[in-house]
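Step one of this worksheet: look at the structure below.
The values are calculated or read from the model by the stated rules, or taken from the named source; none is laboratory data. In this text the structure is predicted, and so the values were computed from the model without any measurement. A quick note on method: Cβ atoms are made from the backbone with ideal geometry, for glycine too, and the neighbour counts reach across all protein chains shown.
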Amino acid sequence: MSAPAARRAGAPAIRVRHLWHRFGSRDVLRDVNLELGHGEIFGFIGPNGAGKTTTIRILATLLEPMAGRVEVDGWDVSVDPEEVRRVVGYMPDHAGVYEHVTVREYLEFFAEAYRVGDLGVVDASVELTDLGKLQTRMVSALSKGMKQRLQLARILLHDPKVLILDEPASDLDPRARIEIRDLLLELRELGKTVFLSSHILTELSDVCTSIGILERGQLVVAGPIGELAERLAAARAERPAARAESEPGEAPGDRLGAPPVAPPVRRRLKLRVLGDAHAVLPLLHGGGGVLGVQASAGGLLLVEHAGGEAFVAEVVRYLVTQGVMVVGVEPERNELERLFLEVTQGDLQ
Amino acid sequence: MSDAPAAASHRAPRAAPLGARLGAAWRHPNPVWTRELRQSARLTRTPLVLAVVTGLITLLMGTIGGLATGHVEPARVGSALHQTFFSIAFAVVAWLAPAIASSTIASERSGRTWEALQLTGLGAKTITRGKFLAAYSYVALYVVMLAPVGALSFLFGGVTATEVLLAYLLLLVFAAVAVAFGLGISSKFSNPAVAVVVSLLTSVPISLFVYLGLGLGLSAAMHQVWPEIPSATPVWLPTAYVRARLDLNYLALLIALPLALAAGVTWFFYEVCVANMAGPSDDRSSGLRRWFLVNTTLVAIASLLPVMLLPRDAHVGAIVALVAFLGYLVFGCLLFAGEPLGPSHRTQLHWERHRASRWTRWMGPGLMPALGSLLTLGLTGLGLQTLVGIGMAWLEGSQLAALQVIVWGAYATAFFLFLAGLTALSRARAQGPTAPRVVLLLTLFVVTAGPWVVAAIAGVLADGSSSAIVSAAPSPVFAAVMASLLDSTERHRELALAVGSAAILGWALLGVALLGAGAARSRRLTQAHHAARRELEQALRAEEEEALDPTEAPGAG
């Protein structure tokens, strides 16, 4: 019998088809479908217990899917886990490290374990993750942020095409988070595909080219953030009262096909002006798109509106032309946070 | 990775010659081993523990030597010190080695470094070898540290330098077994503390059994074979190597048997460790099956050693061999009760890619092939042992002895068939390996002891009538009753032999029926699994074709 083709040529970086997984009698993943192109940074979002880590562990070959097919760079994780491991770099949430070795020894060990041959990759990895000055330091003496960097350096040793990062910035201080974010952008420039999960939505919106929102084991939405926002806005416009009329047992995924789920969104915009904010109230009351305005001490204005970014720009421009000194503009939520809240119900499994 | 044809990476791996493999291992030592050594070397507790253990043993040896020197002749002091030192060294190795080894894999899991290690693609075998070497190096360090203390006995006389050297070598061999045992335990646990406790709870009684049974006990038996070996001395093997005369018994009992025992046990735990570390869809069976094939052959041969040791009652030796071999086959049933019903999708695809031979597939995962191997080896072994026993009885000129061997052989064979059948059905009906193993152990206990309880009650009810003993016929121990009744004139002899024969036939028929039922259920489940798999593949393919077909595209045609 001839050997069946093992790898699909020209395959996307990640392809998940009809993925199901169950722990005991509980379906953790239910018919998840996903496709991720090469060079993308994909943010995987979902409430606690939604099935993110299970999906990630399946992608990393640490768990076998019970049904469906999962491919990474064309390799089926169920059939060729060894090949998948060659093209994947996986950084788990709260990963451990060997404490009683130096940073250099730690990376050399993994380079040998990956059988990369040339230990020059350790230098390259150290340089990329900016660990050069810490090479001789014991791993046990590193801070959390530095250990996270070390993990990133580890998963880059075998030059994987796809990086899978489970909560890479959790427990990190703001500075370390920014550094990790910059590193991810750098990796994207190097042609890596990054699949990362995070609870910090603002962080994802800064780096991700696309996102997927998982809730109760189902992928609710997936795609570029802007595109998803437009789709939801369009759907909302078409069926403003859909949420009220929707079936009680409707699954979140059904909303993707017929997305209108919410009444018009009331967004809030914080403005800070020089002088008395109350004096500005008459300028905004009754304006097009303005749903309500409140003023408070310290020159703060809270504007409720139903518009988008263009509306915000228009409000600022109008106030400036009216002689109001605007010194701060802050949309209350960023786009991804709004999107997340809109398509998920926050239910745990 | 390039888009090169996938088949290139799936060529059947060709095993390099041993020399080349050793050379490669020398040039590129196992990375897990070197990393663990480096870590151990940095731990401050390592030299401290080594120094304390060595210091305490030196103190003890010095005290014993000092106290005895005045009134006991030096040769006896030397011999006593030799026995004391190596008994302590044995305890240190027997308890310390499993404890050290048992924490290694478990600590990777608890420290959350296991996944990173697993994803490097090193493979379960390489990781196991690295862990083994690391733990063994650490234990060997203890043995080396203790070397000067052990040599003290040589200064007093009573033991030769060769004996001391051989004792150290044997200690190192035993350390390998103990480390492998610890690793086997470690591979099952994810908490190092639990793994260490379990290893100690098991290694302490086992080491006591080894010390008392294979040490003190066996020295008495060896004294019968070679009077030069002192009786009731736990450390007798190095002395035997030096003092026993070189003959067939020497080669069999002093060289082949200990080496086979050490290699067999070490290999078993190595394979257990590899299987426990592999994924559920990986081939976790072939290694253990290879071990079982080789080991069963060796055990079948080794179990005939009582025939050599009891030349005057060789048929009794053959019966002891039969019973010992049946005990080993029960272990085989428990082992294969953990087999999957069939190979995973992954394993099957890999077999197809590598054009695996029928032998490879037979030796791979699958309940019925595993039980097929067990039955083939078991029945052959039991048959040969029965034949050897009959042959010995014939040489003794005793027809009765031959009949006794036949009774034991028949009962052992029938009961083994029943156990294999029970294994097949209980595994085929269970989701995992635990339930069939529990069923097997419980059945074994009930069937062995239960009929005797019934016989005792029947005896009481029948006013002490000796014919009540026939109620115990279903117990395999009843073979002893049958054998003893063969030349008896008791009234219930005919009845007991008839009921016993019926029990033999009953176990055999029940075994065959259970095997058939187990095989049928296993086949049905495997076929259903493959059908579901095919259905899924077809559905995915159809969906893919639909997506690619331009005529199906919206707006087309």
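Let me spell it out: the conditions are (1) over 18 Å from the mean Cα position of the chain (by Cα); (2) buried (at least 19 other Cβ atoms within 10 Å of the Cβ); (3) not hydrophobic (A, V, I, L, M, F, W, C), and B:Asn295 meets all of them except one. Which number is the exception?
Unmet for B:Asn295, out of (1) over 18 Å from the mean Cα position of the chain (by Cα); (2) buried (at least 19 other Cβ atoms within 10 Å of the Cβ); (3) not hydrophobic (A, V, I, L, M, F, W, C): (1).
Name the residue that is surrounded by the fewest Cβ atoms within 10 Å (Cβ to Cβ), counting only residues in segment B:67-106 that are polar (S, T, N, Q) and within 21 Å of B:Ala140 (Cα to Cα).
Let us first name the residues in segment B:67-106 that are polar (S, T, N, Q), namely B:69, B:79, B:83-84, B:87, B:102-104.
Keeping just the survivors that are within 21 Å of B:Ala140 (Cα to Cα) gives B:83-84, B:87, B:102-104.
On the way: B:Gln83: 21, B:Thr84: 18, B:Ser87: 15, B:Ser102: 31, B:Ser103: 23, B:Thr104: 25.
Here the residue is B:Ser87.
Which is more than 7 Å from every other protein chain (Cβ to nearest Cβ) and without any contact (Cβ under 8 Å) to a residue 40 or more places away in the chain, of A:Thr55, A:Thr102?
Numbers: A:Thr55 fails: without any contact (Cβ under 8 Å) to a residue 40 or more places away in the chain.
Of the residues listed, the single one that is more than 7 Å from every other protein chain (Cβ to nearest Cβ) and without any contact (Cβ under 8 Å) to a residue 40 or more places away in the chain is A:Thr102.
With the requirement that a residue be within 14 Å of another protein chain (Cβ to nearest Cβ) and either outside any helix (DSSP H, G or I) or under 13 Å from B:Phe156 (Cα atoms) (or both), what does segment B:34-87 give you?
Just the residues of segment B:34-87 that are within 14 Å of another protein chain (Cβ to nearest Cβ), to begin with: B:34-46.
Scanning segment B:34-87 gives B:Leu43, B:Thr44.
To keep it simple, each residue is scored yes or no on (1) among the aliphatic types (A, V, I, L, M); (2) not in a helix (DSSP H, G or I).
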{"site": "B:Val307", "(1), (2)": "yes, no"}
{"site": "B:His315", "(1), (2)": "no, no"}
{"site": "B:Val323", "(1), (2)": "yes, no"}
{"site": "B:Gly327", "(1), (2)": "no, no"}
{"site": "B:Phe331", "(1), (2)": "no, no"}
{"site": "B:Leu335", "(1), (2)": "yes, no"}
{"site": "B:Gly338", "(1), (2)": "no, yes"}
{"site": "B:Gly342", "(1), (2)": "no, yes"}
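Can B:Leu400 be described as surrounded by fewer than 15 Cβ atoms within 10 Å (Cβ to Cβ), within 18 Å of B:Val481 (Cβ to Cβ), assigned by TED's automatic domain parsing to the domain that holds B:Val477 and touching a residue at least 40 places away in the same chain (Cβ under 8 Å)?
Details: surrounded by fewer than 15 Cβ atoms within 10 Å (Cβ to Cβ): yes; within 18 Å of B:Val481 (Cβ to Cβ): yes; assigned by TED's automatic domain parsing to the domain that holds B:Val477: yes; touching a residue at least 40 places away in the same chain (Cβ under 8 Å): yes.
Yes, satisfied.
Which numbered condition trips up A:Asn33, out of (1) part of a strand (DSSP E or B); (2) closer than 22 Å to B:Ser281 by Cα?
Evaluating A:Asn33 over (1) part of a strand (DSSP E or B); (2) closer than 22 Å to B:Ser281 by Cα leaves (2) as the failure.
Restricting to segment A:298-312, name every residue that is more than 16 Å from A:Val324 (Cα to Cα) and either of a type in the set (A, V, I, L, M, F, W, C) or buried (at least 16 other Cβ atoms within 10 Å of the Cβ) (or both). Give the derivation first.
First pass over segment A:298-312, keeping only residues more than 16 Å from A:Val324 (Cα to Cα): A:304-311.
Scanning segment A:298-312 gives A:His305, A:Ala306, A:Gly307, A:Gly308, A:Ala310, A:Phe311.
Quick one: A:Glu82 ticks every box in (1) within 7 Å of chain B (Cβ to nearest Cβ); (2) crowded, with 20+ Cβ neighbours inside 10 Å; (3) outside any strand (DSSP E or B) except a single one, so which number is it?
(2)
Among what's in segment B:298-324 and is surrounded by fewer than 22 Cβ atoms within 10 Å (Cβ to Cβ) and of a type in the set (Val, Ile, Thr), pick the residue that is nearest to the other protein chains (Cβ to nearest Cβ).
B:Ile301
Yes/no per residue for (1) assigned to a helix (DSSP H, G or I); (2) within 15 Å of the chain's Cα centre (by Cα); (3) farther than 30 Å from B:Glu108 by Cα:
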| site | (1), (2), (3) |
| --- | --- |
| B:Phe209 | yes, no, yes |
| B:Val235 | no, no, yes |
| B:Leu246 | no, no, yes |
| B:Gly264 | yes, yes, no |
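How do the pairs read when you match residues in segment B:272-284 that are under 17 Å from A:Val79 (Cβ atoms) and within 14 Å of chain A (Cβ to nearest Cβ) with residues anywhere that are in a loop (DSSP other than H, G, I, E, B) and hydrophobic (A, V, I, L, M, F, W, C), using Cβ under 8 Å and keeping only pairs 6 or more apart or on different chains?
B:Arg284/B:Ala278
Under 6 Å between Cβ atoms, at least 6 apart or on separate chains: pull out the pairs that start in segment B:529-548 with a residue that is within 12 Å of chain A (Cβ to nearest Cβ) and end on any residue that is part of a helix (DSSP H, G or I) and at pLDDT 85 or above.
As it stands, the answer is B:Arg533/B:His345, since those pairs meet every condition given.
Considering segment A:39-80 alone, what residues qualify as being β-branched (Val, Ile, Thr) and under 19 Å from the mean Cα position of the chain (by Cα)? Break it down stepwise before answering.
First, the residues of segment A:39-80 that are β-branched (Val, Ile, Thr): A:41, A:45, A:53-56, A:58, A:61, A:70, A:72, A:77, A:79.
Passing the criteria: A:Ile41, A:Ile45, A:Thr53, A:Thr54, A:Thr55, A:Ile56, A:Ile58, A:Val72.
Identify, by number, the condition in (1) under 21 Å from B:Arg109 (Cα atoms); (2) within 14 Å of another protein chain (Cβ to nearest Cβ) that A:Val116 doesn't meet.
All conditions are met except number (1).
Residue-wise test of (1) within 22 Å of B:Leu288 (Cα to Cα); (2) in a helix (DSSP H, G or I); (3) away from chain A (no Cβ under 14 Å); (4) not β-branched (Val, Ile, Thr).
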{"position": "B:Val139", "(1), (2), (3), (4)": "no, yes, yes, no"}
{"position": "B:Glu163", "(1), (2), (3), (4)": "no, yes, yes, yes"}
{"position": "B:Val173", "(1), (2), (3), (4)": "yes, yes, yes, no"}
{"position": "B:Ala178", "(1), (2), (3), (4)": "yes, yes, yes, yes"}
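So, in segment A:127-150, how many residues would count as being under 25 Å from the mean Cα position of the chain (by Cα) and either acidic (Asp, Glu) or part of a helix (DSSP H, G or I) (or both)?
The qualifying residues number 9.
Which members of segment B:265-281 meet the condition of being crowded, with 18+ Cβ neighbours inside 10 Å and touching a Leu at 6+ places or on another chain (Cβ under 9 Å)?
If the condition is that a residue be crowded, with 18+ Cβ neighbours inside 10 Å and touching a Leu at 6+ places or on another chain (Cβ under 9 Å), then B:Phe268, B:Phe269, B:Tyr270, B:Glu271, B:Val272, B:Cys273, B:Val274, B:Ala275 are the ones that fit.
Against the definition (in a helix (DSSP H, G or I), farther than 30 Å from B:Thr347 by Cβ and free of Cβ contacts under 8 Å to residues at least 24 places away in the same chain), how does B:Leu495 come out, yes or no? Explain how you work it out, then say what you get.
On the way: in a helix (DSSP H, G or I): yes; farther than 30 Å from B:Thr347 by Cβ: yes; free of Cβ contacts under 8 Å to residues at least 24 places away in the same chain: no.
Here the answer is no, as B:Leu495 does not meet what is asked.
Among the residues of segment B:477-491, is any modelled with pLDDT of 85 or more and in a loop (DSSP other than H, G, I, E, B)?
yes
Working carefully through the options A:Gly89, A:Gly68, find the one that is within 12 Å of chain B (Cβ to nearest Cβ), in a strand (DSSP E or B) and either at pLDDT 95 or above or within 23 Å of A:Glu189 (Cα to Cα) (or both).
Details: A:Gly68 fails: either at pLDDT 95 or above or within 23 Å of A:Glu189 (Cα to Cα) (or both).
Matching residue, one of A:Gly89, A:Gly68: A:Gly89.
Kindly provide the set of residues from segment B:101-113 that are in contact with a helix residue (DSSP H, G or I) (Cβ under 8 Å, 6 or more places away or on another chain), within 15 Å of B:Leu183 (Cα to Cα) and at the interface with chain A (Cβ under 10 Å from one of its Cβ atoms), ordered by number.
Initial filter on segment B:101-113 (in contact with a helix residue (DSSP H, G or I) (Cβ under 8 Å, 6 or more places away or on another chain)): B:101-108, B:110.
With within 15 Å of B:Leu183 (Cα to Cα) added as a condition, the list becomes B:101-108.
Scanning segment B:101-113 gives B:Ser107, B:Glu108.
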